[in-house]
Amino acid sequence: MGSLGFSSPLVVAVLCLVLNAALLVNGGKTSSFIRKVEKAIDLPLDADVFQVPPGYNAPQQVHITQGDLVGKAVIVSWVTVDEPGTNTVVYWSENSKQKEQAEGKIYTYKYYNYTSGYIHHCTIRHLEFNTKYYYVVGIGHTERQFWFVTPPEVGPDVPYSFGLIGDLGQSYDSNVTLTHYERNPRKGQTLLFVGDLSYADIYPCHDNNRWDTWGRFVERSAAYQPWIWTAGNHEIDFYPEIGETVPFKPYSHRYHVPYRASGSTAPFWYSIKRASAYIIVLSSYSAYGKYTPQYKWLEEELPKVNRSETPWLIVLMHAPWYNSYNYHYMEGETMRVMYEPWFVKYKVDVVFAGHVHAYERSVSIPSMILCSKLIFSFFKSPCIVMIALALLECASMQFSVFFCFSK
Ligand SMILES: *[C@@H]1O[C@H](CO)[C@@H](O)[C@H](O)[C@H]1NC(C)=O
Ligand SMILES: *[C@@H]1O[C@H](CO)[C@@H](O)[C@H](O)[C@H]1NC(C)=O
Ligand SMILES: *[C@@H]1O[C@H](CO)[C@@H](O)[C@H](O)[C@H]1NC(C)=O
Ligand SMILES: [Fe+2]
């Protein structure tokens, strides 16, 4: 209707851009993967990936994560079931055969009628950067040996590769996903896990044995490289009907993270530096409104990021802020309203989220805001320069020139 008022060259220009955007807005085919229509089927308890390691009181569910702010410490965790056993981790670097040891702590918890095994967490500190270490757990009875490589020293020009998994669970597809990650020729050195670990809560009374099977399943990767943990909705395990009123009970007993090192007061939000990246982990299921501990922590945390030291600023959370699927639609909206202006101000590079079991990505939000402002001026002002600017800006962003249709 309104377009009748335009001179014809402009109409042509607009139409070209619309067509162009239609082409560009399609990100292309990035993978040959097509998701099955059928529901995922969980692995049976006797699946090979759930096998209990042989030997009396053998450590199982071994996993590691970063143990400090900069990557010179590692938290080693494992479970023993017959008796507490020793808490010691013996470790040595590939270069020096001098063996060191560190002592951890043992935790247990009960959930409804389930009693956990002895959960060990031991932080080993003062490690050298960029070094391969071997470590042994289960001293005294059945010893098991693993290894990891520490990251390079934090700095701007340090290449490093992160893997990304979320919503893993323990189905046949979960095993395919983990295998896919392990076989990737790019070789992820650390895995960023964006929440929803075991899905034990889909079983009657949140059968916590499924937390144990999951721990055994991911050991083949998580014992050799740090998995950086984020809490998802399947970690909440809040179930007052059976007397379970402490949120995150199984998760927080089993997966320790170095939250104190970044001044956090709870393990659900924290940050680490690793190589050239500053990684902030947020909790979609802890309070995040104004004056809450998470809000205050993040408010103080963002200004601390020194982009000359860590040019990459990455945020992990479970529920995405932008999601165009019906599934879990707008669940991240209230957190977006609280924190998005900060992310724009502090120029967060990338946010990874899980929850919606489908892939989607968006252009950077600051450019989206700029673009909508320009489009707004386009509609308000007849100024030709503005129009050109708006179109150029949006064309380069490969989206939303569709707005022009409504003119
Ligand atoms: C716990 O309760 C569930 C459901 O009532 C039952 O199937 C299971 O056998 C119980 N487990 C133990 C260890 O008592
Ligand atoms: C899981 O994947 C591994 C390969 O990484 C394979 O050896 C194993 O048999 C698979 N297990 C199941 C139950 O699919
Ligand atoms: C930021 O990091 C750079 C490079 O490591 C360092 O030289 C500088 O002193 C740091 N700035 C502040 C304010 O800490
Ligand atoms: Fe989820």
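Given +1 on the Cβ of Lys and Arg, -1 on the Cβ of Asp and Glu, and no further charges, what dipole in debye does the chain carry about its Cα centre, rounded to the nearest 20?
Value, rounded to 20: 1160 debye.
From Cα coordinates alone, what are the radius of gyration and Dmax values for the chain in angstrom?
Considering the chain through its Cα atoms, Rg and Dmax are 24.5, 86 Å.
V62: net charge of surrounding residues, Cβ under 10 Å, Lys/Arg +1, Asp/Glu -1, itself excluded?
+2
If each of V350 and N184 carries a label point 7 Å out from its Cα toward its Cβ, how far apart are those two points in nm?
A separation of 0.9 nm, rounded to one decimal place.
If amide H atoms are built 1.01 Å from N in the plane of the peptide, which residues on other chains or at least 5 residues away come under 5 Å of the amide H of H328?
Those qualifying (amide H under 5 Å, at least 5 residues apart or on another chain) number zero.
Would you mind telling me the share, in percent, of accessible area of the chain contributed by carbon and sulfur at probe 1.4 angstrom?
With neighbouring chains kept in place, the figure for the chain is 58 percent.
Would you please put 72-79, 220-227, 331-338 in order of how densely packed they are, using the mean number of other Cβ atoms within 10 angstrom per residue and starting with the highest?
72-79, 220-227, 331-338
Could you tell me the accessible area of Y295 in Å² (1.4 Å probe, neighbours in place), rounded to the nearest ten?
30 Å²
Just report the Cα centroid separation between the stretch 227-256 and the stretch 317-349, whole Å.
First find each Cα centre; the distance between them is then 22 Å.
Given the DSSP H assignment, sum -39500 (n - 2.57) over each helix run of at least 4 residues in the chain and divide by its residue total; what's the result at 222 nm in deg cm²/dmol, nearest 500?
After summing the helix terms and dividing by the residues of the chain, the value is -8000 deg cm²/dmol.
Once the other residues with Cβ under 9 Å from the Cβ of H141 are scored (Lys, Arg +1; Asp, Glu -1), what is the net sum?
Values: positive: none; negative: D82, E83, E143.
Summing Lys and Arg as +1 and Asp and Glu as -1 gives -3.
Only Cα pairs within less than 10 Å get springs; with that Gaussian network setup on the chain, which residue of L282, L127, L168 has the largest fluctuation?
L127
Give the cross-link partners of K373 among the lysines, using a straight C-alpha distance below 28 Å as the criterion and excluding same-chain residues fewer than 8 apart.
The qualifying lysines are K290, K345, K347, K407.
With a probe of 1.4 Å, find how much accessible area the chain has per residue, and write the answer as a whole number in Å². Don't skip to the end; give the middle numbers.
Working: 20610 Å² over 407 residues.
About 51 Å² of surface per residue is accessible.
Give the percent of DSSP beta bridges with both residues in the chain that are antiparallel, rounded to the nearest 5. Present the calculation step by step, with values, prior to reporting the outcome.
Details: 38 of 52 bridges.
That works out to approximately 75 percent antiparallel.
The values are calculated or read from the model by the stated rules, or taken from the named source; none is laboratory data. Source: prediction; values computed, not measured. Cβ atoms come from the backbone with ideal geometry, glycine included; neighbour counts cover every protein chain shown. Quick note on the areas: whole protein, heavy atoms, side chains included, nothing else; ligands and nucleic acids left out. Shrake-Rupley method; radii C 1.70, N 1.55, O 1.52, S 1.80 Å.
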